[in-house]
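In what follows, a single structure is set out as structure tokens and then discussed.
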Amino acid sequence: MVKDPNVLPDGLPVPEDDGAAGHLAGMRLPDIRLASTAGDSVDLAALNGTAVLYLYPMTGRPGVALPDGWDGIAGARGCTPQSCAFRDHFSDLQALGVDHLFGISAQNTDYQREANDRLHLPFDLLSDAAGALRDALDLPVFEVEGMVLLKRMAIIAREGVIENVLYPVFPPDRNAADVIDWLSAQRP
């Protein structure tokens, strides 16, 4: 049975904090370029101001089956609701001073472009299909059906330095609101 990627089913396993993102705060964003759904590439190290990078495993497509056992993998399900939440809170994030917002996955740019268009995202998705960001930051991953996928998190950076990492993320559709809460708490 094909499941609707826009709907989070009840009873999903909750990811536990395995400490795999604990080293990220204080690191600089690496000097690498990731392909963008806008048709260009983005140099993460060159991002000025405040950047929010939300990482997700893979976006499902309506009518296409998810990998076997997907709902049983803690933190796997919910990429579409996570992206839609960032879409719906885009203006709120801008009002809080976010200069750059990107979603990042290990999927290729063509796959991401379909999701970006279908979900009407007002920001670009970046592809880490080659694993450059994953390797540079030693990001937590999991494997399913031969794919190495990023674990879900949100990175908040200012002037290229990672200030905070929200990890693990659950439920995924709450991630944008959690970023807003953190940014709001940092305001004087």
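Identification of strands (runs of 3 or more DSSP E) wholly contained in the range 1-83 with 2 or more residues that are in contact (Cβ under 8 Å) with a residue 60 or more places away in the chain and under 15 Å from Met153 (Cα atoms) yields 50-55. In the set Gly103, Gly131, Gly97, only one residue is small (Gly, Ala, Ser), farther than 21 Å from His23 by Cβ and out of contact with any helix residue (DSSP H, G or I) (no Cβ under 7 Å at 6 or more places or on another chain); that residue is Gly97. Note on the range 84-114: residues that are of a type outside the set (D, E, K, R) and outside any helix (DSSP H, G or I) amount to 13.
Among the candidates Asn116, Asn48, the residue that is modelled with pLDDT of 95 or more, more than 19 Å from Pro140 (Cβ to Cβ), of a type in the set (S, T, N, Q) and surrounded by 22 or more Cβ atoms within 10 Å (Cβ to Cβ) is uniquely Asn116.
Within the range 135-146, track down each residue that is more than 13 Å from Tyr54 (Cα to Cα) and surrounded by 15 or more Cβ atoms within 10 Å (Cβ to Cβ). Steps first, please.
Narrowing the range 135-146 to residues more than 13 Å from Tyr54 (Cα to Cα): 135-138, 140-146.
Scanning the range 135-146 gives Ala136, Leu137, Pro140, Val141, Phe142, Val144.
Can you confirm whether Pro168 is under 13 Å from the mean Cα position of the chain (by Cα), surrounded by fewer than 20 Cβ atoms within 10 Å (Cβ to Cβ) and under 19 Å from Arg77 (Cβ atoms)? Yes, satisfied.
Taking each residue of the range 147-172 that is over 14 Å from Gly19 (Cα atoms) and at pLDDT 95 or above and looking for partners that are part of a loop (DSSP other than H, G, I, E, B) and among the basic types (Lys, Arg) with beta-carbon atoms closer than 9 Å, six or more apart or interchain, yields Phe170/Arg152; Pro172/Arg77; Pro172/Arg152.
Residues that are at pLDDT below 95 and touching a Lys or Arg at 6+ places or on another chain (Cβ under 6 Å) within the range 1-45 comprise just one, Leu12.
So which residues in the range 25-35 are surrounded by fewer than 19 Cβ atoms within 10 Å (Cβ to Cβ) and either touching a helix residue (DSSP H, G or I) at 6+ places or on another chain (Cβ under 9 Å) or under 26 Å from Ala115 (Cα atoms) (or both), if there are any at all? Full working, then the answer.
Applying the first criterion (surrounded by fewer than 19 Cβ atoms within 10 Å (Cβ to Cβ)) to the range 25-35 yields 25-28, 30-33.
Answer for the range 25-35, where residues must be surrounded by fewer than 19 Cβ atoms within 10 Å (Cβ to Cβ) and either touching a helix residue (DSSP H, G or I) at 6+ places or on another chain (Cβ under 9 Å) or under 26 Å from Ala115 (Cα atoms) (or both): Met27, Arg28, Pro30, Asp31, Ile32, Arg33.
Checked against (1) touching a residue at least 60 places away in the same chain (Cβ under 8 Å); (2) in a strand (DSSP E or B); (3) among the hydrophobic types (A, V, I, L, M, F, W, C), Leu139 meets all criteria but (2).
When Gly97, Gly103 are checked against the criterion of being loosely packed, with under 13 Cβ neighbours inside 10 Å and under 18 Å from Phe123 (Cα atoms), a single residue qualifies: Gly97.
The values are calculated or read from the model by the stated rules, or taken from the named source; none is laboratory data. Values in this document were obtained by computation on a predicted structure and should not be read as measured data. Note that we place each Cβ from the backbone using ideal geometry, even for glycine, and neighbour counts take in every protein chain shown.
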